[in-house]
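Here's the structure we're looking at; comments come further down.
The values are calculated or read from the model by the stated rules, or taken from the named source; none is laboratory data. If you're wondering where the values come from, they're calculated on a predicted model, not measured in any experiment. Glycine gets a Cβ as well: all are built from the backbone with ideal geometry, and neighbour counts include every protein chain shown.
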């Protein structure tokens, strides 16, 4: 692979990883930080903070993993195609 192609691929990978880590941090922080305020709201007799911590955050984490796998596959395919086009 050409050096510029590798550099661009690595920059895209780092940028995406940074945004996904930020989303993970915000999800984790918000579920814990706002838990007291969300205790006043209830769904089927259980506090909303329980649902966010038990279900909502886990779904966001699963979505992050799925998006990362999908996007990395596309980035890798694009890098391989660009390398083939250069050679």
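Given (1) over 15 Å from residue 75 (Cα atoms); (2) touching a helix residue (DSSP H, G or I) at 6+ places or on another chain (Cβ under 6 Å); (3) loosely packed, with under 15 Cβ neighbours inside 10 Å; (4) at pLDDT below 75, where does residue 35 come up short, assuming only one miss?
(3)
Which one is surrounded by the fewest Cβ atoms within 10 Å (Cβ to Cβ) among residues in segment 73-87 that are touching a helix residue (DSSP H, G or I) at 6+ places or on another chain (Cβ under 7 Å) and within 13 Å of residue 10 (Cα to Cα)?
Per the stated criteria, the residue is 75.
In segment 8-16, is there at least one residue being surrounded by 12 or more Cβ atoms within 10 Å (Cβ to Cβ) and out of contact with any helix residue (DSSP H, G or I) (no Cβ under 9 Å at 6 or more places or on another chain)? Before the answer, list the steps.
Step one: filter segment 8-16 for residues surrounded by 12 or more Cβ atoms within 10 Å (Cβ to Cβ), giving 8-10, 12-13, 16.
Next cut, out of contact with any helix residue (DSSP H, G or I) (no Cβ under 9 Å at 6 or more places or on another chain) only: 10.
So far as segment 8-16 goes, yes, one or more of its residues are surrounded by 12 or more Cβ atoms within 10 Å (Cβ to Cβ) and out of contact with any helix residue (DSSP H, G or I) (no Cβ under 9 Å at 6 or more places or on another chain).
Give 21, 52 a once-over and let me know the one that is surrounded by 10 or more Cβ atoms within 10 Å (Cβ to Cβ), in contact with a helix residue (DSSP H, G or I) (Cβ under 8 Å, 6 or more places away or on another chain) and free of Cβ contacts under 8 Å to residues at least 40 places away in the same chain. If you could, list the steps in order and put the result at the bottom.
Working: 21 fails: in contact with a helix residue (DSSP H, G or I) (Cβ under 8 Å, 6 or more places away or on another chain).
Matching residue, one of 21, 52: 52.
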